[in-house]
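Below: the structure, in structure tokens.
The values are calculated or read from the model by the stated rules, or taken from the named source; none is laboratory data. From a predicted model like this one, the values you see are computed outputs, not experimental measurements. All Cβ positions, glycine included, derive from the backbone under ideal geometry; neighbour counts span all protein chains shown.
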Amino acid sequence: MDKNTIVRSNPAGMPGPVGNYTHLTKIPRNAELYVTSGQIGTDKDGRIPEPMNEQIRNTFDNIKSVLDSENLTSENVIKANLWATEKIDWDFLYADWEALFGGSYPAMTVGYISELGLPEIKIEIELWAAKV
């Protein structure tokens, strides 16, 4: 293994992931760490649409803008935390994920909670990234 490479793995002897994520992501010692605030489904005008899938689409647009601002790609993302107030349409979310990131899956945590920062927000995604 190259000491300057982010490594994703699913350790032997344990169950595989139940979704599109990796159990373990290891970053090299000399990597620069980036942590985003939770990105939400606001559109370019700051409006939050009602439908969950529209919020998901806008959230991924906002994630792309944040990553692009630091020249980060899916290979740099090491952890994703997803918080939702209603059931996630995983087929829809994974299609947006793959459009932005391809098949690269970091470590991930998903939580369903009663509310987020504003009553109309249905999903929030926080990313951790590293660049060597």
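Here Ala130 meets the list (1) part of a strand (DSSP E or B); (2) among the small types (Gly, Ala, Ser); (3) within 13 Å of the chain's Cα centre (by Cα) almost entirely, failing just condition (3). Here Ala84 meets each of (1) at pLDDT 95 or above; (2) out of contact with any Leu (no Cβ under 9 Å at 6 or more places or on another chain) with one exception, condition (2).
On the stretch given as region 83-122, residues that are in a strand (DSSP E or B), surrounded by 11 or more Cβ atoms within 10 Å (Cβ to Cβ) and either more than 11 Å from the chain's Cα centre (by Cα) or free of Cβ contacts under 8 Å to residues at least 12 places away in the same chain (or both) total 2.
Just so you know, in region 31-57 the residues that are in contact (Cβ under 8 Å) with a residue 12 or more places away in the chain and of a type in the set (Gly, Ala, Ser) include one that is surrounded by the most Cβ atoms within 10 Å (Cβ to Cβ), and it is Gly41. Take the conditions (1) modelled with pLDDT of 95 or more; (2) closer than 30 Å to Pro119 by Cα; (3) in a loop (DSSP other than H, G, I, E, B); Asn58 misses just one of them, which is (3).
The set of residues in region 24-49 being farther than 22 Å from Lys131 by Cβ and not basic (Lys, Arg) consists of Ile40, Gly41, Thr42, Asp43, Asp45, Gly46, Ile48, Pro49.
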